[in-house]
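Below is one structure, written out as structure tokens; the observations come after it.
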Amino acid sequence: MLNAITIPVPGPGLIEITDTVRALVREAAVAQGLCTLFIQHTSASLLIQENDRTTARADLERWFERLVPEDDPLYTHLDEGPDDMPAHIKAALTCSSLAIPILDGAPALGRWQGVYLWEHRRHRRERQLLVHIAG
């Protein structure tokens, strides 16, 4: 089963999509298999991260801002503003796809794991994902 979904994004940061992924797996009625997510963008990414404490997500976001700052004089790709090239670098350092095993009809995530879309741009409003579920 292949789904194309649109995720609204309020701005930069980690947007949890775990419930969306769980619902798609449940709808597919696959007991054992694999759920693959792919983001169709080069300035946003996907990751699995702690979903219990918001402080972990905030620390990660701040750390990435320090690692890849805007207005670095080395950037030459500035076509869409000062957050354009940093967003591409952040996406390159993370993931454009995830593979999550399905066990007993649900994503086999660990106790503290959540699935996130990481928006790296300030002015985006939505992102497109492909979700493939096989079993």
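Only one of the numbered conditions (1) in contact with a Lys or Arg (Cβ under 7 Å, 6 or more places away or on another chain); (2) closer than 22 Å to residue 126 by Cβ; (3) surrounded by 12 or more Cβ atoms within 10 Å (Cβ to Cβ); (4) not basic (Lys, Arg) is violated by residue 68, and that is (2).
For the criterion of being surrounded by fewer than 19 Cβ atoms within 10 Å (Cβ to Cβ), touching a residue at least 24 places away in the same chain (Cβ under 8 Å) and assigned to a helix (DSSP H, G or I), residue 61 passes. Whether a residue is out of contact with any strand residue (DSSP E or B) (no Cβ under 8 Å at 6 or more places or on another chain), closer than 26 Å to residue 1 by Cα and part of a loop (DSSP other than H, G, I, E, B) was assessed, and residue 42 passes this test.
Just so you know, in the stretch 14-43 the residues that are more than 30 Å from residue 88 (Cα to Cα) and either of a type in the set (S, T, N, Q) or touching a helix residue (DSSP H, G or I) at 6+ places or on another chain (Cβ under 9 Å) (or both) include one that is surrounded by the most Cβ atoms within 10 Å (Cβ to Cβ), and it is 33.
Among residues of the stretch 105-134 that are touching a residue at least 40 places away in the same chain (Cβ under 8 Å) and on the phi > 0 side of the Ramachandran plot, those with a Cβ under 8 angstrom from a residue that is of a type in the set (Lys, Arg) and outside any loop (DSSP other than H, G, I, E, B), sequence gap 6+ or separate chain, pair up as 105/26.
Coordinate-derived values only; no laboratory data. It should be emphasised that the depicted structure is a prediction, and the values quoted were computed from it without experimental measurement. Neighbour counts run over all protein chains shown; Cβ positions are idealised from the backbone, glycine included.
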